[in-house]
Amino acid sequence: MNAEDAVTSPQDGPTPRWSIGSSSGLHYGSFANSLASLTPMAVEKPAISPRRAHLAVAVLCYLNLLNYMERYTIAGVLSNIQRFFNIRDSTAGLLQTVFICSFLLLAPLFGYLGDRYNRKYIMIGGLSVWLVTAAGSSLVTESLFWLLVLLRALVGIGEASYSTIAPTIIGDLFTGGQRSIMICVFYIFIPVGSGLGYIVGAGCANLTGDWRWALRITPILGLVGLFLLVFLCPNPARGAAETHGQGVAEQTSYKEDVKYLLKNKSYVWSSFGVTAMAFLTGALAFWMPTFLSRAQVTQKIRPPCTKEPCDSTDSYIFGAVTVVTGILGASLGTGLSRWLRNKVSNADPLICAVGMLGSAPCLFITIFVASESIPATYVFIFLGELLLSLNWAVLADILLYVVIPTRRATAEALQITVCHLLGDAGSPYLIGTISDAIRKVKPGTDEWSFHSLKYSLLVCPSVGILGGLFFLMTSRYITEDRKAAQELIAGAGNEGPPPQPNPAPEPSMELSNSNK
């Protein structure tokens, strides 16, 4: 394929995976630099106008916000759902489990399609499925709980199509420092959307007196997002930002990519750490509002919920705490990484280890102090979530600088699948199952309902300690693996860009050559 073919290749048909290798003197421990490391010497002039590129990022951030709002709306009205369908804790946890399972199983498929076909069309199709199934969840009657479970699984299709593709579009709209800022802003909307999911869901249920309206608000807002996506979001050529619409190519087989990643010890151990974090955050996000509500019933602060809507104060507060700690934690983690990177070569996994290990005692205290003091409980929830949130940006940075550019997409897809499969896909259901088993000892009492959930949540700080140990193992290998990645990138960069076609020769030159 010559350069002209690379420029004019249609985006709607299958194309090989393109990547860029370059040498650089930039420090790869930097969050900003690692995101820009594909072509640090490229001129920062996007192939699409800056105005249109910024509008596209705004649309993608808005949709990312809605995705995470919808995911945690269920948790914000979980008590209402349990009462409406008359289901146990383990059955309620199944709602989140089926959603995460469909998401993790389909993410690799959409990642494959997103590398080869029109990404905008794929997102539009996925978002349309998401809107229909999310809205349909609010229409399920009390005798059809199985249908609610099925619809929650189908909702995962939309999120899988979006989460795997949107970051790649941002990467093709910006280079250098601008890309770093845009990617950071995009991921900040994960904790913000998660927290708003509790708040908006509970607020809609209280205002309307019907929890089902909580499941309708995000599809309504999603219609606006679909309209904006169709008209404002482009489908840039892959690598467009670095090459002004052209593509530079290098192909490797999927088998070679996986083999490389399995030999990368930093990637493997950090993936185990991410999985532990996903297990922990998934369980807490789903069960903590319900746990706090039961704690207040035990303390006689409020009566048990006997009719809808149940008191959603805890969903409001927990949602606000999630938003604040997510923003503060991500910013603090990135700041610590920048401050320590020139002093400690393995600072990033150590920051993650401190976050996980430090959150464990905070969560342990949270679980046991809840029966005595709700304000103290929220203090330790705040500290625990803040420590966990240190890892948001740092984890993204670790993957980016220990994996070479040509294999980062595969690395992201595999890490997403593993961390959800072994993490938050099963943790809500596992916690609910343990709670039900403990509750059988003294069934039918509100106080024991609280204690059964309390004891089941002790799994969380234990997993937090395990995750911290995984990150400590990562710290043993990260310096060596980062150096190896830099050398490979520098070697690829020394090969130079693909040759450009020579300009058409002058007539006189053609004559001269023919005479020769």
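The table that follows gives values for the structure above.
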item: Surrounding net charge for L390, when Lys and Arg each add one and Asp and Glu each subtract one, Cβ distance under 14 Å; result: -2
item: Carbon + sulfur, % of accessible area of the stretch 252-492 - ligands and nucleic acids excluded, 1.4 Å; result: 69 percent
item: Accessible surface of T479 - all protein chains present, 1.4 Å probe, nearest 10 Å²; result: 60 Å²
item: Within-14-Å neighbourhood charge of I478 [Cβ basis; K, R +1; D, E -1]; result: +1
item: K343 accessible area, 1.4 Å probe, all protein chains in place, Å² to nearest 10; result: 130 Å²
item: Phi-based couplings in Hz for the stretch 74-86 (Karplus 6.51, -1.76, 1.60; Gly and Pro marked x); result: 4, 5, x, 10, 4, 4, 5, 5, 4, 6, 5, 8, 6
item: Whether the stretch 48-240 is rounded, prolate or oblate, judged on the alpha carbon gyration tensor where a/c under 1.5 counts as rounded; result: prolate
item: Backbone HN-Hα couplings from phi across the stretch 260-276 [Karplus 6.51/-1.76/1.60, Hz, Gly and Pro as x]; result: 4, 5, 5, 7, 8, 5, 4, 5, 5, 5, 5, 5, 4, x, 4, 5, 4
item: Over 24 Å (Cα to Cα) - which of K259/K483; K265/K483; K120/K259; K263/K483 fall in this group; result: K120/K259
item: In the stretch 358-467, GluC sites (Glu not before Pro) in a DSSP loop with at most 12 other beta-carbon atoms within 10 Å; result: E372
item: Cβ-based net charge around W269, under 15 Å, with every Lys or Arg adding one and every Asp or Glu removing one; result: +1
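The values are calculated or read from the model by the stated rules, or taken from the named source; none is laboratory data. A quick note: this is a predicted structure, and the numbers were derived from the prediction, not measured. No Cβ is skipped: glycine too gets one built from the backbone with ideal geometry, and neighbour counts run over all protein chains shown. We work out accessible area using only protein heavy atoms, side chains counted, and drop any ligands, DNA or RNA first. Shrake-Rupley method; radii C 1.70, N 1.55, O 1.52, S 1.80 Å.
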